[in-house]
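Engineer: Below is the structure I would like to discuss, written out as structure tokens.
The values are calculated or read from the model by the stated rules, or taken from the named source; none is laboratory data. Every value quoted in this text rests on a predicted model; they were computed, and no experiment measured them. Here the Cβ is made from the backbone with ideal geometry for all residues, glycine too, and neighbour counts use every protein chain on show. Just the protein is used for accessible areas: all its heavy atoms, side chains included, with ligands, DNA and RNA removed. Shrake-Rupley method; radii C 1.70, N 1.55, O 1.52, S 1.80 Å.
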Amino acid sequence: MCFYNQMKRILCLLLLLPLLPCKGWGQTDSICHEVLFQTSMGDIKVMLYNDTPRHRDNLLRLVRSGYYDGNLFHRVIARFMVQTGDSTTRHAQPKDTLGAYAPPYTLKAEINFPKRFHKRGALAAAREPDEVNPERESSSAQIYFVFGKRFNEDALDRVQDRISTATQGKIVLPPEVRKYYCEHGGTPHLDGQYTVFGEIIEGLDVIERMHVVATDKHDRPLEDVRILRATVVK
């Protein structure tokens, strides 16, 4: 009987192994969800963080509904980021002003700095500025992928001054985050102010090519860059 119970416990543990949390990310959910964005410039796969559940679940719902299929990357800024999430851009004309639309709700901020910061490859939620959005709630659908640039210590000191002004001194870049920006790059001036809720795990080279395409005065690419299809792959 003891041998039977022991074997039963081992079998239960083996069955539970696929449900264990993803290692190394500090997450408590059983699955590290992944989304694939197939774009006109190549595929981008992102992993969504489980410690930003509102943003994770909202993106999964929108992707499953087909919301992002056909959307343009309507705002592209070199050495900074690429932005999408306006579903009206599916049928945009060359001279249309883009980027204003998202479904009419917002998401409560889930800012987990310094654990989640604007490193190269980060996925984050766009939002309205502090003047009209003091709680820093996120857009329902507008998202951006970070590319950014590398910094030296003097440049990071200047960025820190900018962050301190924007956050009343509440956000300070810790040494390990500063080291990352020096070695790998990103957009540190947004840290502690926007929700970072995922990161690119495949296809960073696509963003590297995308962030330097030619754009007009509104930061819209002169040649459309489009999401062909977005799917939940895990």
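Engineer: Has the range 115-122 got any residue that is surrounded by fewer than 17 Cβ atoms within 10 Å (Cβ to Cβ), closer than 26 Å to Glu183 by Cα, modelled with pLDDT of 95 or more and under 15 Å from the mean Cα position of the chain (by Cα)?
Structural biologist: yes
Engineer: On the given criteria, is Cys22 modelled with pLDDT under 95, open to solvent by less than 70 Å² (accessible area, probe 1.4 Å), under 21 Å from Ile200 (Cα atoms) and touching a strand residue (DSSP E or B) at 6+ places or on another chain (Cβ under 6 Å)?
Structural biologist: Working: modelled with pLDDT under 95: yes; open to solvent by less than 70 Å² (accessible area, probe 1.4 Å): yes; under 21 Å from Ile200 (Cα atoms): yes; touching a strand residue (DSSP E or B) at 6+ places or on another chain (Cβ under 6 Å): no.
Spelling it out, it is not the case that Cys22 is modelled with pLDDT under 95, open to solvent by less than 70 Å² (accessible area, probe 1.4 Å), under 21 Å from Ile200 (Cα atoms) and touching a strand residue (DSSP E or B) at 6+ places or on another chain (Cβ under 6 Å).
Engineer: For the range 93-114, how many residues are surrounded by fewer than 20 Cβ atoms within 10 Å (Cβ to Cβ), of a type in the set (A, V, I, L, M, F, W, C) and without any contact (Cβ under 8 Å) to a residue 60 or more places away in the chain?
Structural biologist: 1
Engineer: Residue under question is Gln83, and the condition is that it be closer than 27 Å to Tyr67 by Cβ and surrounded by 19 or more Cβ atoms within 10 Å (Cβ to Cβ); does it hold?
Structural biologist: Yes; evaluated as a whole, the condition is true for this residue.
Engineer: Still on this structure, please answer the following. When the range 136-170 is examined, which residues are found to be touching a residue at least 40 places away in the same chain (Cβ under 8 Å) and open to solvent by 30 Å² or more (accessible area, probe 1.4 Å)?
Structural biologist: Just the residues of the range 136-170 that are touching a residue at least 40 places away in the same chain (Cβ under 8 Å), to begin with: 136, 138-149.
The answer is Arg136, Lys149.
Engineer: If I filter the range 188-204 down to residues being farther than 12 Å from Ala125 by Cα and among the aliphatic types (A, V, I, L, M), which single residue comes out as surrounded by the most Cβ atoms within 10 Å (Cβ to Cβ)?
Structural biologist: Going through the qualifying residues, I end up with Ile200.
Engineer: Let me ask something additional. Does the range 28-45 contain at least one residue that is open to solvent by 80 Å² or more (accessible area, probe 1.4 Å), at pLDDT below 50 and farther than 30 Å from Phe113 by Cβ?
Structural biologist: no
Engineer: A further question follows. Only residues in the range 207-234 that are assigned to a loop (DSSP other than H, G, I, E, B) count as the first member; pair them with residues that are open to solvent by 100 Å² or more (accessible area, probe 1.4 Å) and at pLDDT 95 or above, Cβ under 9 angstrom, at least 6 apart or cross-chain, and list the lot.
Structural biologist: These pairs meet every condition: His211/Arg79; Val212/Arg79; Val213/Leu222; Val213/Glu223; Ala214/Leu222; Ala214/Glu223; Asp216/Leu222.
Engineer: How many residues does the range 177-206 hold that are touching a residue at least 12 places away in the same chain (Cβ under 8 Å), within 25 Å of Ile163 (Cα to Cα) and outside any loop (DSSP other than H, G, I, E, B)?
Structural biologist: To start, the set of residues in the range 177-206 that are touching a residue at least 12 places away in the same chain (Cβ under 8 Å) comprises 177-178, 180-206.
Then drop every residue that is not within 25 Å of Ile163 (Cα to Cα), which leaves 177-178, 180-200.
Within this subset, residues satisfying the condition of being outside any loop (DSSP other than H, G, I, E, B) are 177-178, 180-183, 186, 188-190, 196-200.
Residues that pass the stated criteria total 15.
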